[in-house]
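Chemist: Please read through the structure below; I'll follow up with questions.
The values are calculated or read from the model by the stated rules, or taken from the named source; none is laboratory data. Given the structure is predicted, the values throughout are model-derived calculations rather than measurements. Neighbour counts are summed over all protein chains in view; Cβ atoms, including those assigned to glycine, are modelled from backbone coordinates with ideal geometry.
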Amino acid sequence: MADDSMTFVLVHGAWGGSYGFRNVRPILRQAGHEVFTPSLTGIGERSHLAHAGIDLTTHVRDVVNTVLYEDLHDIVLLGFSYGGMVVTGALDHIAERVSHLVYLDAFVPAAGQSVFGISGASPSATMSPGQEWYIPPLPRQLGDPGLQVWSDSRRTMQPAGTFIEPVQLSVPQEQLDMTLTYVKATDDPNEDVDSAFWRAARHAEESDRWSYHEIATHHLVPFTHPGELADILIRLAS
């Protein structure tokens, strides 16, 4: 690998899987970088392992174990959407191995915040009778009918504990020795201007501590604009 090559660990969002980065991985690898896309337990490629005991800590461990077992250092750690909760929780365990922390249209939680807490959603409003341990996927628009069908057929239920458990974070992100980047999808028609993602984006845009980028597309950026996303990530190496 080239001297300026980087190691990317890309963490997918809720109801999805590592397949969501299938068009991003080859671009990064062709540019000479190493790419890992761990699958989170109980969803996506690992939906066959779903059970009521899966929580945010389970998903944090999925990512931490990937980094530790592969012995990765100086990584670009990206959390997409719900993945922002996961990469934040991973920092207490692997912060010294992270050089760049990237939130892609994602939650940026403080210590003690959960998905339900930061988003204002209610568990009782999203759970189905008789199936109270999982959350059905939110609809996400892609703009391409064929891609929409392909994506929708792969979105799985998600264990409720992943949304209920608060994130653990001993030191706030902005106090850690790493660069911080936020990438916002700006054209999602179903997103409120005061959503958790927009609040995080506005903070990043106004802060000298963060770099901020926008991509004019719907929320599922890795599907709709893999090249533009990869270009932003590759520029972190320059």
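Chemist: Could you figure out which of (1) touching an Asp or Glu at 6+ places or on another chain (Cβ under 7 Å); (2) surrounded by 15 or more Cβ atoms within 10 Å (Cβ to Cβ) isn't true of Ser170?
Modeler: Answer for Ser170: the failing condition is (2).
Chemist: Of all residues in region 196-238, count the ones that are within 16 Å of the chain's Cα centre (by Cα) and in a loop (DSSP other than H, G, I, E, B).
Modeler: Residues flagged as within 16 Å of the chain's Cα centre (by Cα) and in a loop (DSSP other than H, G, I, E, B) within region 196-238 amount to 4.
Chemist: Please count how many residues of region 142-195 are of a type in the set (Val, Ile, Thr), in contact (Cβ under 8 Å) with a residue 12 or more places away in the chain and part of a helix (DSSP H, G or I).
Modeler: Our first condition is that a residue be of a type in the set (Val, Ile, Thr); within region 142-195, this holds for 149, 156, 162, 164, 167, 171, 179, 181, 183, 186, 193.
With the extra rule that they be in contact (Cβ under 8 Å) with a residue 12 or more places away in the chain, the set shrinks to 156, 162, 164, 167, 171, 179, 181, 183, 186.
Then drop every residue that is not part of a helix (DSSP H, G or I), which leaves 162, 164.
Number of matching residues: 2.
Chemist: Scanning region 64-94 for residues that are buried (at least 24 other Cβ atoms within 10 Å of the Cβ) and among the β-branched types (Val, Ile, Thr), which turns out farthest from Arg155 (Cα to Cα)?
Modeler: By that ranking, first place goes to Val76.
Chemist: While we're here: Go through region 208-229 and give me each residue that's closer than 19 Å to Ser99 by Cβ and in contact (Cβ under 8 Å) with a residue 24 or more places away in the chain.
Modeler: Residues of region 208-229 that are closer than 19 Å to Ser99 by Cβ, as a first pass: 208-213, 229.
Residues satisfying the conditions are Arg209, Trp210, Ser211, Tyr212, His213, Leu229.
Yes or no, residue by residue, for (1) modelled with pLDDT under 95; (2) in contact with a Ser or Thr (Cβ under 7 Å, 6 or more places away or on another chain):
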site	(1), (2)
Ser5	yes, no
Gln30	no, no
Ser39	no, yes
Gly42	no, no
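Chemist: When you go through Gln158, Gln173 one by one, which is the residue that is under 13 Å from Pro109 (Cβ atoms) and within 17 Å of the chain's Cα centre (by Cα)? Even if it seems obvious, please write down each step before you answer.
Modeler: Numbers: Gln158 fails: under 13 Å from Pro109 (Cβ atoms).
From the options Gln158, Gln173, the qualifying one is Gln173.
Chemist: Another question about this same structure. Could you please tell me which pairs satisfy a Cβ distance under 8 Å, a separation of 6+ or placement on different chains, a first residue in region 70-83 that is on the phi < 0 side of the Ramachandran plot and of a type outside the set (Val, Ile, Thr), and a second residue that is in a strand (DSSP E or B) and surrounded by fewer than 24 Cβ atoms within 10 Å (Cβ to Cβ)?
Modeler: Partner pairs satisfying both residue conditions: Glu70/Phe36; Leu72/Thr7; Leu72/Phe36; His73/Thr7; Leu77/Val98; Leu77/His100.
Chemist: Taking region 5-19 only, how many residues are over 12 Å from Ile43 (Cα atoms) and surrounded by fewer than 24 Cβ atoms within 10 Å (Cβ to Cβ)?
Modeler: First, the residues of region 5-19 that are over 12 Å from Ile43 (Cα atoms): 5-11.
From what's left, surrounded by fewer than 24 Cβ atoms within 10 Å (Cβ to Cβ): 5-7.
Adding up the residues that qualify gives 3.
Chemist: With respect to Thr41, determine if the residue is free of Cβ contacts under 8 Å to residues at least 24 places away in the same chain, of a type in the set (S, T, N, Q) and surrounded by 18 or more Cβ atoms within 10 Å (Cβ to Cβ).
Modeler: On the way: free of Cβ contacts under 8 Å to residues at least 24 places away in the same chain: yes; of a type in the set (S, T, N, Q): yes; surrounded by 18 or more Cβ atoms within 10 Å (Cβ to Cβ): yes.
The answer is yes for Thr41.
Chemist: Quick one: count up the residues across region 185-220 that are over 18 Å from Pro139 (Cβ atoms), surrounded by 13 or more Cβ atoms within 10 Å (Cβ to Cβ) and among the acidic types (Asp, Glu).
Modeler: 2
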